[in-house]
Amino acid sequence: MVITCPSCKKQHNIDEKRIPPNVTMARCKGCGRRFPLQPARDESKKAAEKAPAKAPEKAPEKAAEPQAKKAPPVSKPKVVRKLAVSISKGGVGKTTTSVNLAAGLALAGFKVLLVDTDTQGQDSFMLGVKPKAGLTELVTGELGPEEAIFKARENLYLLAGGKSLAGIKRLIDRKDFGGEMTMAEALVPIENKFDYIIVDTSPGWDPLTVNVLFFVNELLTPVSLEVMTLQGLVEFLKSISSIQKYRKEVALKYILPTFLDKRIKQSDAILKKLRELYGDLICTPIRYNVTLSGAPAHGKTIFEFAPGCNGSQDYRELIRKVANDKNLFT
Ligand SMILES: Nc1ncnc2c1ncn2[C@@H]1O[C@H](COP(=O)(O)OP(=O)(O)OP(=O)(O)O)[C@@H](O)[C@H]1O
Ligand SMILES: [Mg+2]
């Protein structure tokens, strides 16, 4: 049977008898994409009916290996989960959350890609690494994924941000149309290598933010429990709905209250208001914790720097919610 990859159209000769009955997906080693076998089988049958029957010329190649549906651990996502940590307001804990969420998921055994789309390039700093290349080189095509992606920890891979991201912005500007897909075009071909892709975004709203929203499916929005943040959240959600008109897949999944300080009355009042307005979207808050602001200077995640502190506990709770597995880390 000749099966054609629906993405790159590469043809694979496969001995149908060798495909176990429970196998529904195949992976094309030409482009790396997974695709359902049944439509490809139907196509192949149609083609065989049209063409005179003849034995396959080539021996079955390994290129499209049937992917048996192994029983993954309960919490492993079946398809990659692409999640942006985003809100226009600055200093609310986007980077702290992106790095610790990604690092914690990696510790839990998931394969994670952390993408830094901020010119401040703080994700590298927080992880204590100095990659020579990153997102810019991958998107501009200067380097392939092997060179552009930096292994920061076991299971944790980084596409670094930094000043060079201006190069991507120029690339987006130069396009007459389709500029919003620039980042997705570079990342989609490699996305299935990971269980999670966590994207840290810059404050404000620029062409790169729009690109992120045309790539991810889920949004996690940190909201610092101080005055004026509700206003910032409402404004941000308006911008999100303007994107959702063109891209229905992107959804606000989590609102993460940050900088909860029980000593400050307004902290509790804002949290109560958030719960009234957004119900189940609200995650268990991240408490104000000086250790969280101390860890980056040591190039360590909170789990490495102070695994027992409140910050660690709160981020573990977030990871359990995101991974939908209350037994993680227990
Ligand atoms: N829960 C917390 N308790 C105390 N300090 C925190 C907490 N979360 C983050 N910080 C500190 O607050 C500062 C801002 O956090 P962070 O850089 O994560 O915010 P950001 O939203 O990414 O900022 P920007 O918009 O500039 O990218 C950092 O110094 C960080 O270490
Ligand atoms: Mg940041």
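The values are calculated or read from the model by the stated rules, or taken from the named source; none is laboratory data. Small disclaimer: the values here were computed from a predicted structure and weren't measured. With ideal geometry, Cβ positions are generated from the backbone for all residues, glycine too; neighbour counts draw on all protein chains shown.
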Note to self: Tally up the residues in segment 93-119 that are near ligand 2 (Cβ under 10 Å from one of its atoms) and part of a helix (DSSP H, G or I), please.
What the structure shows: 6
Margin query: For the structure I just gave you, tell me whether LYS46 is outside any loop (DSSP other than H, G, I, E, B) and modelled with pLDDT under 95.
Written below: yes
Notebook entry, point to check: Looking at segment 287-307, is at least one residue more than 16 Å from ligand 2 (Cβ to nearest atom), of a type in the set (S, T, N, Q) and modelled with pLDDT under 95?
Noted result: no
Next item on the list: Could you list, in sequence order, all residues of segment 300-310 that are within 13 Å of ligand 1 (Cβ to nearest atom) and more than 22 Å from the chain's Cα centre (by Cα)?
Entry: PHE305, ALA306, CYS309, ASN310
Notebook entry, point to check: List the pairs whose first member sits in segment 1-30 and is among the hydroxyl-bearing types (Ser, Thr, Tyr), whose second member is at pLDDT below 70, and whose Cβ atoms are under 6 Å apart, counting only residues at least 6 apart or on separate chains?
Noted result: SER7/CYS31; SER7/ARG33
Next item on the list: Please verify whether segment 61-74 includes one or more residues that are at pLDDT 55 or above and on the phi < 0 side of the Ramachandran plot.
Entry: no
Next item on the list: List the number of the failed condition for ASP261; all other conditions in (1) touching a Ser or Thr at 6+ places or on another chain (Cβ under 6 Å); (2) within 16 Å of ligand 2 (Cβ to nearest atom) hold.
Entry: (2)
Check: So which strands (runs of 3 or more DSSP E) stay within segment 120-233 end to end and still have 1 or more residues that are within 15 Å of ligand 2 (Cβ to nearest atom) and in the same structural domain as LEU277 (by TED's automatic domain parsing)?
Finding: 156-159, 196-200, 218-224
Notebook entry, point to check: If you scan segment 279-313, which residues turn out to be in a loop (DSSP other than H, G, I, E, B) and either among the small types (Gly, Ala, Ser) or farther than 17 Å from PHE329 by Cβ (or both)?
Noted result: PRO285, TYR288, ASN289, GLY299, LYS300, ALA306, GLY308
